[in-house]
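The values are calculated or read from the model by the stated rules, or taken from the named source; none is laboratory data. Since the model is a prediction, treat every value here as computed from it, not as a measurement. Methodologically, a virtual Cβ is constructed for each residue, glycine included, from the backbone with ideal geometry; neighbour enumeration extends over all protein chains shown.
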Amino acid sequence: MENAPIRNLSVSVFYDGRWFELRTYANEYRSLMMLIYDKVYIDGFGDCVGMGKCGTCLVEIVKRKYELTDYDRNEDTTLLKSGNTGKDIRLSCQIMIDEFIDGLKVNILG
Ligand code: FES
């Protein structure tokens, strides 16, 4: 596997019928949820501000180049409660902004 870059990371987000190409760098935001919240402006997205409890930051992983780095705050329980158990469905607040996010493509589910 190639080395991941640390700066100038690229994340593609599909929302409201179009792709948003977001640029960031390692640790600019606490999580993917915060990056999306700040740059795409989705109403009601990330209600619990990253505690992994509200389930309003759901994304479907469409494509990734690397294993993503996770926090481990209530994600499995929240996904189970909301009935979202697909392996590519994640809480974006539990995905860190580090070099392994480069090239990630996600679809916003809500
Ligand atoms: S922001 Fe609430 S679960 Fe992610």
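Report whether or not Lys105 is assigned to a helix (DSSP H, G or I) and either within 18 Å of Asn8 (Cβ to Cβ) or of a type in the set (Asp, Glu) (or both).
no
For Gly110, work out the one condition from (1) in a loop (DSSP other than H, G, I, E, B); (2) without any contact (Cβ under 8 Å) to a residue 60 or more places away in the chain it doesn't fulfil.
(2)
Out of all the residues in the range 86-110, which are at pLDDT 95 or above and on the phi > 0 side of the Ramachandran plot?
Residue satisfying the conditions is Gly103 alone.
Out of all the residues in the range 57-71, which are more than 17 Å from Phe14 (Cβ to Cβ) and within 13 Å of the ligand (Cβ to nearest atom)?
Asp70, Tyr71
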